[in-house]
Amino acid sequence: MRKIQRRVIAIWLFMGANSLYAQALVSMPELSPIKTIILYLLDAYGLWKILQCVKNVMDHLAESSKGDTTAKDRVWGSVLAIVGILMVGVVLNVIILKAGQYGATPVSSVLAGN
């Protein structure tokens with residue numbers, strides 16, 4: 001019964017996060033359909049890589065429990081890889097969202113503050 005409760009809570013949290021994400025995307029007028037597709041693909045690829053890293057962490061923990069002394073270093077390497085993937089994803093998302101934001105306006109109007 002406890003597993004079912006955890007799954008229901010996880011699904012509820014995922015649906016809430018998805019709703020908030022959709023509201024945030026709609027509120028951005030500079031977001032074009034092409035940028036949206038690129039962001040979705042980038043986020044999906046990042047999530048896939050993070051899941052692979054989590055699987056590697058689990059495998060390394062299993063090896064560590066069997067007595068492998070070098071598995072602890074590989075666990076930390078995988079954790080740092082997850083952090084790196086998240087950092088690169090944030091930077092790329094910001095770059096894609098800001099791309100073209102000032103390109104459509106003339107330089108004189110940007111300098112004038114309009």
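For the stretch 22-45, check the following and say yes or no: at least one residue is at pLDDT 90 or above, over 14 Å from LEU97 (Cβ atoms), assigned to a helix (DSSP H, G or I) and open to solvent by 100 Å² or more (accessible area, probe 1.4 Å). Among the residues of the stretch 22-45, at least one is at pLDDT 90 or above, over 14 Å from LEU97 (Cβ atoms), assigned to a helix (DSSP H, G or I) and open to solvent by 100 Å² or more (accessible area, probe 1.4 Å), which makes the answer yes.
Could you please let me know if LEU111 is assigned to a helix (DSSP H, G or I) and at pLDDT 85 or above? So LEU111 does not fit the description; no. If we keep just the residues of the stretch 56-73 that are charged (D, E, K, R) and assigned to a loop (DSSP other than H, G, I, E, B), which is surrounded by the fewest Cβ atoms within 10 Å (Cβ to Cβ)? Filtering the stretch 56-73 for residues that are charged (D, E, K, R) and assigned to a loop (DSSP other than H, G, I, E, B), the one surrounded by the fewest Cβ atoms within 10 Å (Cβ to Cβ) comes out as LYS66.
The values are calculated or read from the model by the stated rules, or taken from the named source; none is laboratory data. This structure is a prediction, so every number in the text was calculated from the model and none was measured. A quick note on method: Cβ atoms are made from the backbone with ideal geometry, for glycine too, and the neighbour counts reach across all protein chains shown. Just the protein is used for accessible areas: all its heavy atoms, side chains included, with ligands, DNA and RNA removed. Shrake-Rupley method; radii C 1.70, N 1.55, O 1.52, S 1.80 Å.
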